[in-house]
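The values are calculated or read from the model by the stated rules, or taken from the named source; none is laboratory data. Quantities reported herein were computed from a predicted structural model and do not represent experimental measurements. Every residue, glycine as well, gets a Cβ built from its backbone with ideal geometry; the counts of neighbours run over all protein chains shown. Keep in mind that these areas ignore ligands, DNA and RNA; they rest on the heavy atoms of the full protein, side chains included. Shrake-Rupley method; radii C 1.70, N 1.55, O 1.52, S 1.80 Å.
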Amino acid sequence: MTDPILQAKGLVKRYGRVTALDHCDFELMPGEILAVIGDNGAGKSTLIKALSGAVIPDEGEVWLEGKRVNFQSPIDARENGIETVYQTLAMSPALSIADNMFMGRELRKPGFAGKFLRKLDRPAMEKFARQKLSDLGLMTIQNINQAVETLSGGQRQGVAVARAAAFGSKVIILDEPTAALGVKESRRVLELIQDVKSRGIPIILISHNMPHVFEVADRIHIHRLGRRLTVINPGDYSMSDAVAFMTGAKEPEREAA
Amino acid sequence: MTDPILQAKGLVKRYGRVTALDHCDFELMPGEILAVIGDNGAGKSTLIKALSGAVIPDEGEVWLEGKRVNFQSPIDARENGIETVYQTLAMSPALSIADNMFMGRELRKPGFAGKFLRKLDRPAMEKFARQKLSDLGLMTIQNINQAVETLSGGQRQGVAVARAAAFGSKVIILDEPTAALGVKESRRVLELIQDVKSRGIPIILISHNMPHVFEVADRIHIHRLGRRLTVINPGDYSMSDAVAFMTGAKEPEREAA
Amino acid sequence: MANADNYEASTRGGSADALAEFDEHDRGLIGRIHHILHQTPAIVPLIVLVVAVVVFGLLNPNFWRVSTLSLIFQQIGIVGILGCAQAIVILTAGIDLSVGAMAVLSSVLMGQFAFRYGIPPTFAIVLGLACGAAMGAINGWLVSKMRIPPFIVTLGTWQIWLATNYIYSANETIRSQDIEAQAAALQFWGQRFQLFGAQVTYGVVLLIVLVLIMAYVLRHTAWGRHVYAVGDDPEAAELAGVNRNRMLIQVYALAGLFCALAGWVMIGRFGSVSPSASTGVLGNIQAITAVVIGGISLFGGRGTIIGMFLGALIVGVFEMGLRMAGADAQWTYLLIGILIIGAVAVDQWIRKVSA
Amino acid sequence: MANADNYEASTRGGSADALAEFDEHDRGLIGRIHHILHQTPAIVPLIVLVVAVVVFGLLNPNFWRVSTLSLIFQQIGIVGILGCAQAIVILTAGIDLSVGAMAVLSSVLMGQFAFRYGIPPTFAIVLGLACGAAMGAINGWLVSKMRIPPFIVTLGTWQIWLATNYIYSANETIRSQDIEAQAAALQFWGQRFQLFGAQVTYGVVLLIVLVLIMAYVLRHTAWGRHVYAVGDDPEAAELAGVNRNRMLIQVYALAGLFCALAGWVMIGRFGSVSPSASTGVLGNIQAITAVVIGGISLFGGRGTIIGMFLGALIVGVFEMGLRMAGADAQWTYLLIGILIIGAVAVDQWIRKVSA
Amino acid sequence: QDISACLITKTDTNPFFVKMKEGAQAKADELGIALKTFAGKVDGDNETQVAAIETCIADGASGILITASSTSAIVPVVEQARDAGILVIALDTPLEPIDAADATFATDNFLAGELIGKWAAAKLGDAAADARIAMLDLDISQPTVGVLRDQGFLQGFGIDLGDPNKWGDEDDDRIVGNDVTQGNQEGGRRAMENLLAQDPEINVVYTINEPAAAGAYEALKAMGRENDVLIVSVDGGCPGVQNIADGVIGATSQQYPLLMASLGIEAIHEFATTGEKPEPTEGKNFFDTGVALVTDEPADGVDSISVEEGMDLCWG
Ligand SMILES: Nc1ncnc2c1ncn2[C@@H]1O[C@H](COP(=O)(O)OP(=O)(O)OP(=O)(O)O)[C@@H](O)[C@H]1O
Ligand SMILES: Nc1ncnc2c1ncn2[C@@H]1O[C@H](COP(=O)(O)OP(=O)(O)OP(=O)(O)O)[C@@H](O)[C@H]1O
Ligand SMILES: [Mg+2]
Ligand SMILES: [Mg+2]
């Protein structure tokens, strides 16, 4: 078996009286789609925040490609090639769709205006943004210069997913990317995930949608009460088993977790 | 056929260059569960906001129990017995779960303290809140006095749904109540919806989850591009048909809409 | 729907319905202190305060005399009451630049009612308080109904009340001796009694009582929770059934009433009624300073009135302490600047470590 | 997964992949005006401004003379530059109470460098500008790295810079005649040229150029967009890959540089270098007023620098107009208070109707 | 023809300037002059005064009366006004240099301070050698008027001034400290409390003006020390003089703002009709409107007038 590309050992994160991560382990293999499932409040989002530098764990280690890393901010993680869609979406409400998609990696005009006046190439950014949104089937966005705060819940999520996928890199993390999306748009996101995988980039997918998880995942990490309960192979277990494990209705046999 | 309990005629809402509602009609019958489905950005949320006073439509009329109403704010609607879970959840992030659940209808201590000092009955409110959350299967909330902003996405949604259901009244509107919820918690919300219906209260349910919609809905309002495309009976059509209508892949036969 | 059941059914049984529980982990002493600090952040300014008192006492032992400490309380009396007004407004994510002006104008109105028109003092005071509440209500109406940002509204009314104050009073001071002789009720809060060998004025008692009442109201009544909700996220509060407009008008009117009360206390403290009291110009920034040092967020919805009180005390202690340590006026001004930043930096640091 | 496909497959074909389109509805004339106003809200203060100019001109025809109008520009010169500094800070959801103090201290430093230490004027100016930027950077460092609220930081540094200014300069004014003789470069921005029969100072040109540059930077560069993002939702901006700390330090440092520039312009305008210039005390509130009247949100992330410029002009026009109409000082304050509220109320009303 | 004049005061919240404005207004009405009044926003506000002069130039006024907040910083714009053919008269405070204005109608603020200083020293007699003095000044920006009065007092009391252009640099042990009052009761009380906390033995209090003195008195009263402390002040407003009668203040130097203002308006009228400029008092480079020490307890070697006389002359 190859070495994991992204690994975490014994992560702990406490918020006052609340324990969000309780000595949690984690492994992502190269090129795979790893689904993370678990109850609400199980600590899934906290786990991926700890992996992507948005939260600094109280204890535990994170390893990327066999090297110990210590991300102090999401920017660190991004520079190491980890791209994330957070559950809260991380968008600036008053800015436009294109502004948000290119935040931190804006395109500049070619030639003098771009080089010396550092002028943004708005037409190019808008065209790119429109293209990515159409790829996701978000056809109801009438005005690409709309402020993000005026978008519907699903449109907003679509923009965030489009951003992460467009700038694909070493690892892509998606925290419930289809929660607010419609049937068509969800479908397109799943296709997009497959597409990214075929480019060889591994993906972490958090989702409560079991059919989707079982459709795309190579392995499923089941999270319960702040720690990894077990990792299963979607071929070996049924959805019912997975749900029973994650809610605590059934206990998995002890395996090397 | 009986008269609709809640009805809208020719609603129009424009935001600058964006048309969110385009002469939309709507009817809710007494005691039924009406699902509203549609693409992202179709205008579903805007529709229910117009019904519940959170948005004042540019044109069109709303009728409640055969009387024309003109809600100026959500409080008006609430006083008329319409209880809503908005997609944005409408919670005060810095306040506790109990504070949020009882916002605007706080319990006061019995006797002197409550009557003259207007002291809140915190223990009672906390107990009630804990009970309602447990009913929904939200067992991972460790501290009932946690600020809402520290809850996970799903826990937050659970609190909002619990609030609307607990204070059930004439009409309950749920805008994507299960989007961020886990398998178990979603299940409980569906049970809760059935339960509310059995109390005779009609429900408007917006959801992108077709299996859920087809499981609980009595009728399905299909929304497309800011207007009602058609209303179907879940028994008469398959999920595929519904999805095809709402995405525009197929056109329904013209009926009296 | 059949397919949904085949996996969704498995959500019952086992430990699925048990409440999540974790072992309380061992924290050690430091950890436990951090934990306490984190749970009750209002303690942090208290610590800053105690440290300041100790240090200034070491610099000049006179500082520890009860009389000095009681003096500090007297000096923060007015700022403290204005701070109560400012605090509730800032909790709603507003700001009230006109607090000082309302206080001065109210005190002038009370004085003029009594002296120019010969209204009986008690009645003049009641009228003055009512005028204060009315001024506040105007602020509130402009903020809520007209949807003008609070900063603009109160920037405007600040100038309006202050100019009215000068024009109406023709800049005339009513002298302490005259008030004492003809309308002693105006000086009520300046009266004093002995406590542990120190003079305590009624005004100081009023401040403490007011702070305690407001702490109770904000924490333990529905109205108080609504103040926080409106400040936290006004749209959410409105969707959740709080009448935002009514709350805002009430809060600003109450703030106006408190300011008028502060105006009355001013008469007690300075003896005379003076339209040119610097509270009119500086009162707002002083009150905001107390509020912000006390840990109330200018973005609304977070903080406590006790924090504001401690914030006012910290400033008072620093000012008095530096003067007694022998710093001259300009250096005091400079050092207070440094200390304000320092005090809040310590606070932030403790919170961060303990989080 | 098989069951998923059986309905999810039906999302292709038909009009599913066509972009949504609606007919443009007919608005009528009023509707179209509303629409234009709504699309470009910066027009609203412009209208307020034009109306004010017309009204004041009717009250006193001297007001319409080109020389009067050019005078207004000169009078808002300093506030306008401080407003640029304040605007970028407020766009990041901060506030800078120390702008006026930085301006005065910088001007004093330039003057003292040239006169006390005999540094050549141009070099003294460069040093003064650098000091301004450094003061701003200190503000920025405290705000970003130490996580102290901007209000506290700049409240503290306001006092610190101001006291430093008084102590360092020993309250001494450097006289205009001396500067003219020995360090004329300090008065550079006070020089004037003729335009349409009116005197225009270089300082006014500087202000206009600065506003245009900043409008371009904020709108058309990545840095400008990041300023908005940081102010809009700092956490989101950070998660999306904006280096919040670096942005804040840069913004505050740039604001400090602008303030030093304003200090230099002050020397040109008043001739002398005076540590007691009231800009040190009032500059911040004046700049904030311009910013807020210009429609920039104190909560950050919304507004334009052009709006700030118009806001400063509105205040300048009102002040000049009322003075020329013969209102005395207190009546002027009162009326300006009313007009500020009125101007913003009109603005709000138009936006509401057209929304 | 139409004559118009401008009166620009430091602030318009201090009763002193309010009276000055009343004096000017009365005279202007009498002579049929259109008067516009302006004022700085705070003590020491030079910018607003500059804007005011610019307005007067733009508006074509015949003359400007100004009490300058910053005596040297105002000079360039005063020159502009004079170049535009406007008569500029400095009231109360001379400009620096004094001939920057066409004429100066002023009180000698340094002399005003000196008088109360001398009086206090004479009252104390031998005890003056170990007096404990509190200095209640105007503002930390040290506006000129405050410095002049403060330094005058110290000179009169017999204390070495150090730099006469700033206060606070004296090293005489008798000075307990300086604090600032903003010239009102509120500041006066707080400053007095602060200085008393530093040294409870204070027995001489210099105050920048009478409101500050009234505030200081309240603080002393609260400590039960109101009867054994000498408070001296400057201004001579009616409430201040009344306070001398009531024993709140020991002595005050009285100034005559109404007189200054009405003389100024007359001069502008004269200038506008005949083109003649007013002449300074003989032997001085300004027209001295006089200052008098008001007290009920005259001291040897210091000229003073009684409270009754003071009441007759006070600006009310
Ligand atoms: N900032 C915070 N302060 C305090 N508690 C927090 C904070 N953030 C998260 N928590 C708590 O940590 C636990 C785990 O939260 P997390 O967001 O990781 O859950 P999740 O598995 O992502 O749930 P969901 O499926 O609902 O998104 C929850 O109980 C939550 O209340
Ligand atoms: N405040 C607003 N300003 C401008 N446009 C808006 C505003 N609110 C909504 N819109 C636009 O109106 C349209 C309908 O939005 P709405 O939120 O009603 O969609 P929805 O059907 O609820 O979608 P979803 O399923 O994603 O929640 C969208 O195109 C959206 O961009
Ligand atoms: Mg989550
Ligand atoms: Mg919606």
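Using every Cα-Cα pair within chain A, state what percent have a distance larger than 28 Å.
Looking at chain A, the distances longer than 28 Å represent 36 percent of pairs.
Give the distance, in whole Å, between the Cα centre of the stretch D:41-120 and the Cα centre of the stretch C:207-238.
A separation of 39 Å, based on Cα centres.
Please report, in whole Å³, the volume per residue of the convex hull around the C-alpha atoms of the stretch B:1-139.
Spread over its residues, the Cα hull of the stretch B:1-139 gives 182 Å³ apiece.
According to the Cα gyration tensor, what semi-axes, each the square root of 5 times an eigenvalue, does the equivalent ellipsoid of the stretch E:158-246 have, listed from largest to smallest in whole Å?
21, 16, 12
HN-Hα J couplings of the stretch E:151-165 from phi, Karplus 6.51/-1.76/1.60, θ = phi - 60°, integer Hz, Gly and Pro as x?
Coupling constants for the stretch E:151-165: 5, x, 4, 5, 4, x, 6, x, 10, 5, 7, x, 7, x, 9 Hz.
Using a ≥ b ≥ c from the Cα gyration tensor of the stretch E:162-316 (square roots of the eigenvalues), is it rounded, prolate or oblate, where a/c under 1.5 gives rounded and otherwise the larger of a/b and b/c decides, a/b for prolate?
Prolate, since a/c reaches 1.5 and a/b exceeds b/c.
What angle, in degrees between 0 and 90 and rounded to the nearest 10, separates the Cα long axis of helix E:185-198 from the longest principal axis of the Cα atoms of chain E?
Here the helix axis deviates by roughly 30 degrees.
Counting only DSSP beta bridges with both residues in chain B, what percent are antiparallel, rounded to the nearest 5?
Given both bridge residues lie in chain B, the antiparallel proportion sits at roughly 60 percent.
Which shape class, rounded, prolate or oblate, goes with the protein assembly as shown when its Cα gyration tensor gives a ≥ b ≥ c as root eigenvalues, a/c under 1.5 marks rounded, and past that a/b bigger than b/c marks prolate?
prolate
In Å², nearest 100, what accessible area do chains B and A bury in total when the solvent probe is 1.4 Å?
2400 Å²
In Å², nearest 100, what accessible area do chains B and D bury in total when the solvent probe is 1.4 Å?
The B and D chains share an interface burying roughly 1300 Å².
Taking every residue in E:145-155, how many Cβ atoms of other protein chains lie within 10 Å of its Cβ, on average?
Average per residue, whole number: 0.
Quick check: the angle from helix B:183-198's long axis to the longest principal axis of chain B, C-alpha only, nearest 10 degrees?
Helix B:183-198 sits at roughly 80 degrees to that axis.
Would you kindly work out, in nm and rounded to one decimal, the distances from the label point of C:Arg116 to those of the same position in each other copy, ordered shortest first, with label points 7 Å along Cα-to-Cβ?
For C:Arg116, the inter-copy label distances come out at 4.9 nm.
Kirkwood Rh over Cα pairs of the stretch B:205-255 into Stokes-Einstein at 37 °C, 0.692 mPa s: D in µm²/s?
297 µm²/s
Counting only DSSP beta bridges with both residues in the protein assembly as shown, what percent are antiparallel, rounded to the nearest 5?
Within the protein assembly as shown, antiparallel bridges account for around 45 percent of the total.
Taking R0 as 41 Å, what FRET efficiency do you get between A:Ser238 and A:Ser169 from their Cβ-Cβ distance, rounded to the nearest 0.05?
The computed FRET efficiency comes out at 0.75.
Taking chain B as a Gaussian network, Cα atoms linked when under 10 Å apart, which of B:Val183, B:Val216, B:Val231 shows the biggest mean-square fluctuation?
B:Val183
Sort all Cα-Cα distances of the stretch D:219-355 into consecutive 10 angstrom bins from zero, then give the percent of pairs in each bin up to the one containing the longest distance.
Taking every Cα pair in the stretch D:219-355, the percentages come to 10, 30, 32, 21, 6, 0.
Loop-only GluC sites (Glu not before Pro) in the stretch E:136-223, please: DSSP not H, G, I, E or B, and at most 13 other Cβ atoms within 10 Å.
Hits after loop and neighbour filter: E:Glu201.
Taking chain E as a Gaussian network, where each spring joins two C-alpha atoms under 10 Å apart, which residue of E:Gly146, E:Gly60, E:Gly275 fluctuates the most?
Judging by the Gaussian network model, the answer is E:Gly275.
Taking amide H positions as placed 1.01 Å from N in the peptide plane, with prolines and chain starts having none, which residues 5 or more places from D:Ser278, or on another chain, fall under 5 Å of its amide H?
Residues meeting the criterion, in which the H sits 1.01 Å from N, are E:Asn46, E:Glu47.
Take chain D, connect every pair of alpha-carbon atoms lying under 10 Å apart with a spring to form a Gaussian network, then pick out the residue of D:Met308, D:Met320, D:Met135 with the largest mean-square fluctuation.
Answer for the Gaussian network model of chain D: D:Met320.
Treat the stretch C:168-248 as a sphere of radius equal to its Kirkwood radius over Cα pairs and apply Stokes-Einstein at 10 °C in a medium of 1.306 mPa s; give the translational diffusion coefficient in µm²/s, rounded to a whole number.
Diffusion coefficient, whole number: 96 µm²/s.
In the stretch E:1-41, how does Rg compare with the Kirkwood Rh, expressed as the Rg/Rh ratio over alpha carbon atoms?
So for the stretch E:1-41, dividing Rg by the Kirkwood Rh gives 1.01.
What are the ³J(HN,Hα) couplings of the stretch B:221-228, residue after residue, when phi is run through the Karplus curve with 6.51, -1.76, 1.60 and θ = phi - 60°? Round to Hz, x for glycine and proline.
Rounded to whole hertz, the list is 8, 9, 9, 8, 6, x, 9, 6.
Provide a whole-number value for the mean count of partner chain Cβ atoms within 10 Å of the Cβ atoms in peptide E:192-198.
That works out to 6 on average.
Using a 1.4 Å probe and counting only protein heavy atoms, arrange E:Leu195, D:Leu109 so the residue with the most accessible area comes first.
D:Leu109, E:Leu195
Just the Kirkwood number for the stretch B:25-97, please: inverse of mean 1/r across all distinct Cα pairs, in Å, one decimal.
Answer for the stretch B:25-97: a Kirkwood hydrodynamic radius of 13.8 Å.
May I ask you to evaluate 6.51 cos²θ - 1.76 cosθ + 1.60, the Karplus curve with θ = phi - 60°, for each residue of the stretch D:142-155 and list the ³J(HN,Hα) values in order in whole Hz, giving x for glycine and proline?
Rounded to whole hertz, the list is 5, 5, 7, 6, 8, 6, 8, x, x, 4, 5, 4, 7, 5.
What Kirkwood radius, in Å to one decimal, follows from the Cα pairs of chain E?
19.7 Å
In angstroms, what radius of gyration and Dmax does the stretch C:2-354 have, counting Cα atoms only?
My reading of the Cα-based Rg and Dmax gives 23.8, 91 Å.
For the stretch E:103-173, compute the orientation-averaged projected area of the C-alpha convex hull (one quarter of its surface), in nm².
5.2 nm²
So if I take the centroid of the Cα atoms in the stretch E:109-179 and the same for the stretch E:34-58, what is the distance between those two points in Å?
Here the two parts' Cα centres lie 31 Å apart.
Taking the Cα centroid of the stretch C:281-309 and of the stretch A:209-225, what is the distance between the two, rounded to the nearest whole Å?
Using only Cα atoms, the two centres lie 49 Å from each other.
Based on Cα coordinates alone, diagonalise the gyration tensor for the stretch E:86-215, multiply each eigenvalue by 5, take square roots, and list the semi-axes in whole Å, largest first.
So the equivalent ellipsoid measures 27, 17, 12 Å along its semi-axes.
Taking amide H positions as placed 1.01 Å from N in the peptide plane, with prolines and chain starts having none, which residues 5 or more places from A:Thr230, or on another chain, fall under 5 Å of its amide H?
Under 5 Å from the amide H of A:Thr230 lie the amide H atoms of A:Ile222, each far enough along the sequence or on another chain.
Using a Förster distance of 22 Å, how high is the FRET efficiency between C:Ile208 and C:Trp64, based on the Cβ-Cβ distance and rounded to 0.05?
0.60
May I ask you to report, in nm to one decimal and beginning with the shortest, the distances from C:Arg65 to the same position in the other copies, taking label points 7 Å along Cα-to-Cβ?
6.3
In whole Å and largest first, what semi-axes does the C-alpha gyration tensor of the stretch E:229-279 yield when each eigenvalue is scaled by 5 and square-rooted?
37, 9, 5
Going by amide H atoms built from the backbone, whose H comes under 5 Å of the H on C:Ala93, apart from near neighbours?
C:Gly300, C:Gly301
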